[in-house]
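Here is the structure we will look at, set down as C-alpha cells.
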Amino acid sequence: MAISIGLASLIVVAVSMAAYFFVRQVKLWHTMSHFERAVPGRAYPLIGHAYMFDRDPRAFFQRMRRWFVELAFEDKERKSRVVWMGPVPVIFPGNPEDIETILSSSKLLEKGTFYRMLMPWLGDGLLLSKGKKWQKRRKLLTPSFHFSVLASFIDIFNEQAQILTEKFRTLNGQNSVDIFPMVTYCTLDVICATAMGKNIGAQKGNNKEYVQAIIAMSDLIQERQKYPWLWIDAIYGLLPSGKIHNRYLEILHKMTKSVIYERLGEKQQMNGIKETSKVSSNGTIGKRKKMAFLDLLLEVHEEDASFTIDDIREEVDTFMFEGHDTTAAAISWVLFMLGHHPEVQEKVHKELDQVFGNDRDRYVTSEDIQKLQYLGCVIKETLRMYPSVPLIGRQLEEDTIMSGHMVPKGTLVIIGIFFLHRSLDYYPEPDVFNPDNFLPENVEGRHPFVYIPFSAGPRNCIGQKFAMMEEKVILATLLRKLKFHSLQPIEDVNPIGNLILRPSDGISDGLIMEVTLRT
Ligand code: HEM
C-alpha cells in the first residue's frame, strides 16, 4: 500500500513536471515563432537544430559563418533570428540596432550559461560576476586601468617584446615556425608581470608547470563548452579530462594565492615606511618595484576589507585569462595578415622608420604609440577580420524588444562579433584585408555598433587600452627588425571560434611563417 502511494505520488510529480515543461515549451515555441530561423533547416522538438551542427569545430564555425553572415546580416530586413540549441532558443541579433539595444543597456548585463565553464577558475571575477557585485567590482577596478597605470607598464611590454624579437631573429629564415605559441608565451609573460608583478619567464622556458596549466586550461574549457554532458561537474570530475582540469585548476589557484600572500607580506613589511609605498606618478611602489594590478587590488583591500583576498584572487585570475590569449591571438593574426600583404607590411615598415629613424633597439614610448597611426589601422582591421573574442553572450534580465518582437526575460542572446564584422552591408569587401577601412574619413558615419571587437557599452572590455598599447609595442619592436612571410594560404587557415578565435588549417592549429631580418 505504502509503495503504491509512493509510486502514485511519483507519477503525479513526473506527469506534472512533464506537463509544465510541455506548456512552457509550447509558449516559448509560440513566442519565438515571430523570429525567423538563423539556420536553413527545421527545428525539431527537444533536439532543435542540434542535428545540423558539425562535430568538427572547424566545419561548424565555417557553417555558422555562412548561415549568420548570409542569412542574418545580409538579409534585406536584417532581422534578429533564432537558433534552437536543443530545447533552448538562442537569439542571434542580425543588425547593429538590436546589438546596441543589448549592449548599451545598463540592465542587460548577465552573461548566461555559456560562461559557466569558466566559473571554477575565475569565480565571481569581473568577467562573470553579475548585478550589484559586478557594478561594485567594475567601479573598484576601473582606476587600475587609468592611463598613468598603463603607461607604467610600457617597460614590461618593451622588455618582453625584445625577448620575442631576439627569439625570432635567431631563426632568421632557416625554418618555418609556428608563431602562435611564441607570441602566446610573450603575452603570458606580460600579463604575469603586469597582473601579479611576477616574471615567470615563459619565453625562457621557466615555470613550465604553471605555463602548461594556464595554456591547457583555456583549451580544456573550450572543449568542455561544446558537450553539454561535460557541463555537469559530478560527471566531468570523474572523466580523464575533468581530472586534468582539476589538477590544473589547483596549480593555477596555488600560484595566484602564493603570489598574493607573498606580495601582501612584502607590503606589510613596508608598512613602517608606508608613505613611500603609495603609488607614485611613474607607477612604482616607493623605490622598490613597478606597481602591478595586484598591488592596486591590495590597496583596495586595505581600504575596504569587504574586498577579500579571495576576491583579489578571482580578479587576478580573470586578468590572467582575459589578458593573454586575447592579445596573443590579436598579434599573431596581425603578423599572419602582414605576411600575406607585403605592400601593407612595407607601409608599416616605412611608418616605423619615420618614427624611430635608424634606431631599431630603443624602447617604444607612449609618444611613439600616438604617432603609429597606420599600425593602429592595421591592428583594427585585423580585429575586424579576426576578432579575438568572436562571440559574446547575454541572458536577458528583462523582456526586451528586438526587431520589433518581444524576447522574454531569461532568453539567451549570442552576439556574433565575427559575423557582424564580415557583413557586406558595412564593409564593401568584408573578406579583403584593408587597413584603410579605419582611416578617419572611412570610419566617419559608420554605425558605432558595427565594429565591436572589445564589445561595447557598460560591460565592454576593461583592458581595451592595455591591449592596444601592448599590441603596438610588441608589433613595433618586432617589425623594426623583422619581416614576416606567411606560408599557409589564407583560405586554408580557417578561424575556429570558441572562447578565443584560433587558427586551424586542418593539420595544425598554428600560423606557420618564415621570419627574416629586415635589411
Ligand atoms: C585584443 C585583446 C582583447 C580583446 C579583443 C578583448 C575583448 C573583450 C570582449 C569582447 C569582452 C566582453 C566579453 C563578454 O561580454 O563576454 C571583454 C571583457 C573583458 N576583458 Fe577584454 N579583450 C582583450 C584584452 C584584454 C586584456 C589585456 C585584459 C586585462 C588586462 C582584458 C580584460 C577584460 C575583462 C576583465 C573583461 C570583463 C569586463 C566586464 O565584464 O566588466 N581584456 N574583452
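The values are calculated or read from the model by the stated rules, or taken from the named source; none is laboratory data. Predicted model only: the values in this text are computed from it and were never measured. Positions of Cβ are backbone-derived with ideal geometry, glycine not excepted, and every protein chain shown enters the neighbour counts.
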Of the residues in the stretch 107-155 that are surrounded by 19 or more Cβ atoms within 10 Å (Cβ to Cβ) and of a type in the set (S, T, N, Q), the one that is farthest from the ligand (Cβ to nearest atom) is 152
Only one of (1) crowded, with 18+ Cβ neighbours inside 10 Å; (2) over 16 Å from residue 404 (Cα atoms); (3) modelled with pLDDT of 80 or more does not apply to residue 98, and that is (2)
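Quick one: count up the residues across the stretch 345-390 that are within 30 Å of residue 128 (Cβ to Cβ) and surrounded by fewer than 20 Cβ atoms within 10 Å (Cβ to Cβ).
Of the residues in the stretch 345-390, 1 are within 30 Å of residue 128 (Cβ to Cβ) and surrounded by fewer than 20 Cβ atoms within 10 Å (Cβ to Cβ).
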Here the residues within the stretch 477-505 that are among the hydroxyl-bearing types (Ser, Thr, Tyr) and modelled with pLDDT of 90 or more are 477, 486
inquiry  = Looking for something surrounded by 19 or more Cβ atoms within 10 Å (Cβ to Cβ), assigned to a strand (DSSP E or B), within 16 Å of the ligand (Cβ to nearest atom) and among the aliphatic types (A, V, I, L, M) - is there at least one such residue anywhere in the stretch 304-318?
reply    = no
Tell me, please, whether a residue that is within 14 Å of the ligand (Cβ to nearest atom), of a type in the set (A, V, I, L, M, F, W, C) and within 23 Å of residue 127 (Cβ to Cβ) can be found in the stretch 369-378. no
In the stretch 417-456, anything surrounded by 17 or more Cβ atoms within 10 Å (Cβ to Cβ), more than 8 Å from the ligand (Cβ to nearest atom) and assigned to a helix (DSSP H, G or I) is listed as 418, 419, 420, 421, 435, 437, 438, 449, 450
Residues of the stretch 222-250 being of a type in the set (A, V, I, L, M) and exposed (fewer than 14 other Cβ atoms within 10 Å of the Cβ), in sequence order, are 232, 234, 235, 238, 239
Requested in this report: Could you tell me whether residue 104 is at pLDDT 90 or above, of a type in the set (Gly, Ala, Ser) and more than 11 Å from the ligand (Cβ to nearest atom)?
Outcome: yes
request  = Kindly indicate whether any position in the stretch 94-111 is among the basic types (Lys, Arg) and either on the phi > 0 side of the Ramachandran plot or not in a loop (DSSP other than H, G, I, E, B) (or both).
outcome  = no
For the stretch 251-287, the count of residues that are away from the ligand (no atom under 16 Å from the Cβ), surrounded by 13 or more Cβ atoms within 10 Å (Cβ to Cβ) and modelled with pLDDT under 50 equals 7
**Request:** Inspect all residues belonging to the stretch 496-503 and state whether any of them is at negative phi, touching a residue at least 12 places away in the same chain (Cβ under 8 Å), within 12 Å of the ligand (Cβ to nearest atom) and in a helix (DSSP H, G or I).
**Result:** no
Only unsatisfied item for residue 340, checking (1) of a type outside the set (Ser, Thr, Tyr); (2) surrounded by 23 or more Cβ atoms within 10 Å (Cβ to Cβ); (3) over 23 Å from residue 222 (Cβ atoms); (4) touching a strand residue (DSSP E or B) at 6+ places or on another chain (Cβ under 7 Å), is (2)
Among 365, 382, 326, the single one that is in contact with a Cys (Cβ under 9 Å, 6 or more places away or on another chain), of a type outside the set (A, V, I, L, M, F, W, C) and either within 16 Å of the ligand (Cβ to nearest atom) or more than 30 Å from residue 92 (Cα to Cα) (or both) is 326
message: So for the stretch 37-57 (the condition being closer than 15 Å to residue 415 by Cβ and touching a residue at least 12 places away in the same chain (Cβ under 8 Å)), does at least one residue qualify?
response: yes
